[in-house]
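> Would you mind keeping the following structure in view while I ask a few things?
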Amino acid sequence: MTSLVGRPPAPATMASRSSPPPPYLTRVKLTNYRSIASCDVRLSALTFLVGPNGAGKSNFLDQVGPKETLEFRQTIGGAKNPWRFPAANMSDGTLRALGILVALFQPGGSGRIPLVGIEEPAVALHPAAAGVLMGALRKASIDRQVLITSHSPDLLDDPGLNEQEILGVAAKGNVTYISAPDQAARDVIRSGLYTPGELLRLDQIAPSVDLYERGPRQLDLFTGWRA
């Protein structure tokens, strides 16, 4: 079973927009979907699902919505038509960087693209480009919701990331668990003692078992997590 709850972004986010925002997912509930037995989580305009390979991040992303295939072209001086490049003719880093930027800033044709999901955007990119990539993700999240899966400490080393933008993902006994990180990790990120990337290097970002068990009863869609 899948349940999606949406509403417009918060007024502070809307203030920076030049036009009305697209629909905004605030909550996703999944039951018995692939490895995910059950989860009930809140999403921000920019949300990172953090966990090791095989934890089940892709299963969550697959259920949120359909994907689109992109074609890459390069305009060459003097050429009548742009050159078309299949993926096999481009480096992995170039291909992924271009694909990420096109996905993030695509105009959407007759209507806005309300949500973009990208798996492991930092793969094959130089670590020095992590800050540039994060800037693009942050800028795109002003006009559309962005959902990212990642286990890249370099990408998550941004001190601007807050605890509400991180979801921990883990697998135990072939079951995927997804929730906000535990209270200690959230407090450390909020206080600025460690970035999410530094916590990930220490293997300290994981779903909060207590929060996962209490989540459906504690979530308030309009005021956030209750104490």
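The values are calculated or read from the model by the stated rules, or taken from the named source; none is laboratory data. Given the structure is predicted, the values throughout are model-derived calculations rather than measurements. No Cβ is skipped: glycine too gets one built from the backbone with ideal geometry, and neighbour counts run over all protein chains shown. Protein only, heavy atoms only, side chains kept; ligands, DNA and RNA dropped before computing areas. Shrake-Rupley method; radii C 1.70, N 1.55, O 1.52, S 1.80 Å.
> Once phi is turned into ³J(HN,Hα) by the Karplus curve 6.51 cos²θ - 1.76 cosθ + 1.60 with θ = phi - 60°, what whole-Hz value does each residue of the stretch 152-165 show in order, with x for glycine and proline?
With the stated coefficients, the stretch 152-165 comes to 9, x, 4, 5, 8, 6, 6, x, x, 5, 10, 5, 6, 9 Hz.
> A further question on this structure: Once amide H atoms are placed 1.01 Å from N in the peptide plane, what residues at a sequence separation of 5 or more from GLY117, or on another chain, have their amide H within under 5 Å of its amide H?
LEU147
> What is the pair-distance distribution P(r) of the stretch 118-171, computed from all Cα-Cα distances in 10 Å bins starting at 0, with each bin given as a whole percent?
Pairs per bin, as whole percents: 21, 61, 18, 0.
> Please report the net charge: other residues with Cβ closer than 12 Å to the Cβ of GLU198, K and R +1, D and E -1.
Cβ neighbours under 12 Å give a net charge of -3.
> Grab the Cα-Cα distance for ALA128 and SER91, subtract it from 0.36 nm times how many residues apart they are, and report the gain in nm with one decimal.
11.6 nm
> Further question: Cut-off 12 Å, label point 7 angstrom out along Cα-to-Cβ of ASP187: give me the residues of the stretch 22-63 whose amide nitrogen falls inside.
Hits in the stretch 22-63 for ASP187 at 12 Å: none.
> Continuing with the same structure: So what is the accessible area of the stretch 112-189 per residue, in Å², with the probe set to 1.4 Å?
I get 41 Å² per residue for the stretch 112-189.
> If you don't mind, there's one more thing I want to ask. With all protein chains present and a 1.4 Å probe, how do PHE105, PHE85 order by accessible area, largest first?
These residues rank, largest area first, as PHE105, PHE85.
> Report the full-extension gain for the segment ARG201 to LEU98: residue separation times 0.36 nm, less the Cα-Cα distance, to one decimal in nm.
34.3 nm
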